[in-house]
Amino acid sequence: MTLTEKLLARAAGKSHVSAGDNIWVNADVLMTHDVCGPGTIGVFKREFGQNAKVWDRNRVVIIPDHYIFTSDSKSNRNVDILRDFVREQEIPYFYDVIDDPNGAWKFDATKGLLKRQYGSQYAGVCHAALPQKGHTRPGEVLFGTDSHTCMAGAFNQFATGIGNTDAGFVMGTGKLLIKVPSTIGFRLEGKLQLGVMAKDIILHAIGEIGFDGATYQAMQFHGSGIATLSMDDRMTVANMAIEAGGKNGIFPFDARTAEYVDARTRLNGTRSTYEPVEVDHDQKFTREIVIDLSKLEPTVACHPDPGQRKSAKELSHIQLDRAYVGSCTGGKTSDFVEFARVLRGKKVVIDTFGVPATPEIVHDLQNTRWGNQTIWEILISAGVQMTENAGCSACLGGPVDTFGRMNAPMKCISATNRNFPGRMGHKESQVFLASPATVAASALAGRVADPREYMS
């Protein structure tokens, strides 16, 4: 069996499953956030009763992160709905925006968009926060009310996004009916060269199969090249499985996985026991694609979908209005390190925005020094507008006062994960997806640029 098949078989209490089987699986974790949480709660109460209790309060994780730092009153109210539910259900894993459990969330526009407006419990973007807070364990099943829940597949999990109705059912029962997906194998060999990042791997993979090439299939990444990829790298790749239509992305378990998970569960006091699934040597894929990491080049996905793959060099004629680094896909510490590596000692020539995915990442950037400057200071000196308000921000547009949102037609190069019309704001804008290094080079050039032009 493939990794996905083995994991789902275990979750269903079966010795063997095959692609196409419909099976009931037990959830290990259900995650929801401020956009879908109120709807999920509504379904749960409608179907199970106003006074019903969730199936297991210790397995529900609620993370406000999407429409947080905005003056939009309805968005602010969503956080309060989550808080009321958490109090009612006594759910321990709620990463509130404010510290006062009896308060109400309201973004203060007078303080501006750059300075921190959250309390000590706030965790940032759910997909980056889940592993940081110790909720991603190998061999488990994670359901989340967000399409990019598949990012947790980096940790040898079956992780997939579901809708509010399914989430409401899981909230009440801890189970969900799943059709076992077939699996496309991606065998990674070699090592990335200077200026090439994990984002280039997944953009290349999607370009190979098309934006719908993995529809309702698992995307399994394996091979000798895996050992060269950090957990941040693997998260970037798994995150965008959905951009090829994938049901999930998944990586094998190794020592690097164990090191990360063990440290995070210990730090946060979350459940530390887990049982990874191992690779079967006789596993069957619908097809297998070999990717030589050493031959990849900085890659850009052109508007309007991630399958429109071209090299950065091929697009050097495209003039840009904006550059953006952030989100679960491109706002991790290592993403900003590479962003800063290209920008250090230089100045951007177009509006450039930086949004760390979590408060922990903000802390990393503000406390890691390169010479006489922190990484944060290097970016500010380069002209990047950096916000301390970690979250999804303009990755998915949001209300008009969202930091970095495009409120007029423009061309933007972004380290985020999705580029359909209107995704980052104005419906006539164009978004080009790229790695943080390529975004940095493009911000310096004012056009799409290969980061190797600025690296030695």
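Which pairs in the list K45/K199; K115/K310; K45/K133; K179/K313; K74/K199; K310/K332 are over 32 Å apart, alpha-carbon to alpha-carbon? Don't skip to the end; give the middle numbers.
Details: K45/K199 40 Å; K115/K310 37 Å; K45/K133 28 Å; K179/K313 41 Å; K74/K199 34 Å; K310/K332 24 Å.
K45/K199; K115/K310; K179/K313; K74/K199, as the Cα separations exceed 32 Å there.
Overall form of the chain: oblate. Here a/c, set by the Cα gyration tensor axes a ≥ b ≥ c, is 1.5 or more, and a/b is not larger than b/c.
Which value, in debye to the nearest 20, describes the size of the charge dipole of the range 239-336 about its Cα centre when Lys and Arg Cβ atoms bear +1, Asp and Glu Cβ atoms bear -1, and nothing else is charged?
Values: 13 positive and 15 negative charges, 64 e Å.
Charge dipole, the range 239-336, about its Cα centre: 300 debye, nearest 20.
Give me the percent relative contact order of the chain, please, defined on Cα pairs under 8 angstrom at least 6 residues apart. List each step's numbers first, then the result.
Values: 1151 pairs, mean separation 79.4, N = 456.
It rounds to 17 percent for the chain.
Sorted fewest first by neighbouring Cβ atoms within 10 angstrom, V439, V400, V170, V54 come out as V400, V54, V170, V439.
With θ taken as phi - 60° and the Karplus curve 6.51 cos²θ - 1.76 cosθ + 1.60 applied, the whole-hertz 3J(HN,Hα) list for the range 387-402 is 9, 7, 7, 4, x, 5, 6, 7, 3, 10, x, x, x, 4, 8, 5 Hz, x standing for glycine and proline.
Applying 0.36 nm per residue to the separation of K191 and N268 and subtracting their alpha-carbon distance, the gain on full extension is 24.4 nm.
For the range 172-180, 3J(HN,Hα) computed residue by residue from phi via the Karplus equation (6.51, -1.76, 1.60; θ = phi - 60°) reads x, 10, x, 10, 8, 7, 10, 8, 5 Hz, glycine and proline entered as x.
Taking a ≥ b ≥ c as the square roots of the Cα gyration tensor eigenvalues, with a/c under 1.5 meaning rounded and otherwise prolate when a/b beats b/c, else oblate, which class fits the range 299-454?
Details: a/c = 1.81, a/b = 1.26, b/c = 1.44.
Here the range 299-454 falls in the oblate category.
Sparse packing (at most 13 other Cβ atoms within 10 Å of the Cβ) combined with a DSSP loop state is found for the following GluC sites (Glu not before Pro) in the range 353-441: E428.
DSSP loop trypsin sites (Lys or Arg not before Pro) in the range 260-312 with at most 15 other Cβ atoms within 10 Å of their Cβ, which ones? Walk me through the numbers before you get to the answer.
Numbers: sites: R264, R266, R271, K284, R287, K295, R309, K310; in loops: R271, K284.
Passing sites in the range 260-312 are R271, K284.
Projecting the Cα atoms of M197, G404, N156 onto the charge dipole of the chain, computed from C-beta unit charges around the Cα centre, puts G404 farthest toward the positive end.
Taking a straight line from the alpha carbon of K427, these aspartates and glutamates sit under 17 Å away, with near neighbours fewer than eight places off in the same chain left out: D305, D321, D401.
Here K175 and K427 are evaluated by their C-beta separation; at R0 = 25 Å the FRET efficiency comes out at 0.05. The N102 and E259 beta-carbon pair, evaluated with R₀ = 25 Å, returns a calculated FRET efficiency of approximately 0.05.
Arranged from fewest to most other beta-carbon atoms within 10 Å of their beta carbon, E47, E140 become E47, E140. Taking other Cβ atoms within 10 Å as a rough exposure proxy, T215, T70, T149 sort from fewest to most as T215, T70, T149.
Considering only DSSP beta bridges whose two residues both sit in the range 299-454, what percent are antiparallel, to the nearest 5? Please report the intermediate quantities before stating the final value.
On the way: 7 of 22 bridges.
Antiparallel: roughly 30 percent of the beta bridges in the range 299-454.
For the chain, the Cβ-based charge dipole about the Cα centre amounts to some 360 debye (Lys, Arg positive; Asp, Glu negative; other atoms uncharged). Expressed to the nearest 5 percent, the antiparallel share of DSSP beta bridges inside the range 1-296 is 15 percent.
Using alpha-carbon pairs under 8 Å, 6+ residues apart, how would you state the relative contact order of the range 299-454 in percent?
Result for the range 299-454 is 34 percent.
Placing a label point 7 Å from the Cα of S224 along the Cα-to-Cβ line, the residues of the range 192-206 whose backbone N sits under 14 Å from it are 192.
Every number here is computed from the coordinates shown, using simple stated rules; none is lab data. Quantities reported herein were computed from a predicted structural model and do not represent experimental measurements. Positions of Cβ are generated from backbone atoms using ideal geometry, with glycine treated the same way; all protein chains shown enter the neighbour counts.
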